[in-house]
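Working notes, structure below.
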Amino acid sequence: MDDLTLKLSAKDIYEKEFERTMIRGFKPEDVDSFLDDIIADYQKMGDLNNQLIKVMDENKKLKREVEDLRVRVATGRQDSGGQQNNYDLLKRISNLEKAVFGK
């Protein structure tokens with residue numbers, strides 16, 4: 001999930017210092033005001049990113065649960081004990097086959 005990680009935080013933007021020039025610079029108030037807007041939007045984006053990561057994790061969990069349910073339905077199991085019951089039934093059938101038909 002590294003490609004979903006933001007390079008800068010709102011704090012990084014807030015604390016960024018630019019070199020002041022004497023010639024053709026920008027008004028510091030204008031730059032600060034613009035950076036304040038960027039910080040607010042960036043914080044919202046960071047929050048959305050965190051929510052997205054949580055949703056993706058939940059989605060993975062639900063996909064695993066769906067796959068587990070599919071396997072349980074396909075094998076006729078109702079729970080983890082069902083698998084043991086199926087194994088016991090197969091073992092009994094095998095023993096009956098040997099008794100009836102020989103080895």
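General observations
- Every pair of residues 6+ apart whose Cβ atoms lie under 9 Å, when the first sits in region 38-49 and is among the polar types (S, T, N, Q) while the second is surrounded by 14 or more Cβ atoms within 10 Å (Cβ to Cβ): Gln43/Ala10
- Looking at Phe26, Phe34, just one residue is outside any helix (DSSP H, G or I) and either modelled with pLDDT under 70 or not β-branched (Val, Ile, Thr) (or both), and that residue is Phe26.
- Of residues in region 85-100 being open to solvent by 100 Å² or more (accessible area, probe 1.4 Å), modelled with pLDDT of 70 or more and among the hydrophobic types (A, V, I, L, M, F, W, C), the one nearest to Arg72 (Cα to Cα): Leu90
The values are calculated or read from the model by the stated rules, or taken from the named source; none is laboratory data. Note that the structure is a prediction, hence the values are computed from the model and not measured. Glycine also receives a Cβ, built like all others from the backbone with ideal geometry; neighbour counts cover every protein chain displayed. These area figures cover heavy atoms from the full protein model, side chains too; ligands, DNA and RNA do not enter into them. Shrake-Rupley method; radii C 1.70, N 1.55, O 1.52, S 1.80 Å.
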